[in-house]
Amino acid sequence: MPTKNGASDEQEPPHVPTPAPGTLMVDLSEDRVGEFRGEWCGKWSLRPVGGGVEWTVDPQDVRPAEPIERLRAELACANRRSRGELL
């Protein structure tokens, strides 16, 4: 509902700065870590660490990965590569 000055009581989602390509982010909606690839039509594109199919997510549904989350994602990628699952 608008107030006297015409402002709305609705809160806009906080602006999330666009990360640099390659930054590891956590998709909170799917609880998975992905590498930031870019922005398109207000959505962010993430890709699994080490490659794979990209997915899109709303910027307010992601946060930067903590050091332990980055380590786990990179270790999982190295393990898949050692088993011959990734080239």
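The values are calculated or read from the model by the stated rules, or taken from the named source; none is laboratory data. Just so you know, these numbers come straight off a predicted model, no measurement behind them. Here the Cβ positions follow ideal geometry from the backbone for every residue, glycine too, while neighbour counts run over all protein chains shown.
Which ones in segment 63-86 are part of a helix (DSSP H, G or I) and not aliphatic (A, V, I, L, M)? Those that are part of a helix (DSSP H, G or I) and not aliphatic (A, V, I, L, M): P67, E69, R70, R72, E74, C77, N79, R80, R81, S82. In the set (1) under 14 Å from V26 (Cβ atoms); (2) not in a helix (DSSP H, G or I); (3) not charged (D, E, K, R), the condition left unmet by Q60 is number (2). Cβ-Cβ contacts under 7 Å between residues 6 or more apart (or on different chains), taken from a first residue in segment 18-30 that is closer than 7 Å to V62 by Cα and surrounded by 12 or more Cβ atoms within 10 Å (Cβ to Cβ) to a second residue that is among the polar types (S, T, N, Q) and at pLDDT 95 or above, are absent.
Would it be correct to say that C41 is closer than 17 Å to T18 by Cα and at pLDDT below 95? So that I can check it myself, show each step before the final result.
Working: closer than 17 Å to T18 by Cα: yes; at pLDDT below 95: yes.
So C41 passes the test.
Within segment 44-57, the set of residues being in a loop (DSSP other than H, G, I, E, B) and either within 18 Å of L28 (Cβ to Cβ) or at pLDDT 90 or above (or both) comprises V49, V53, E54.
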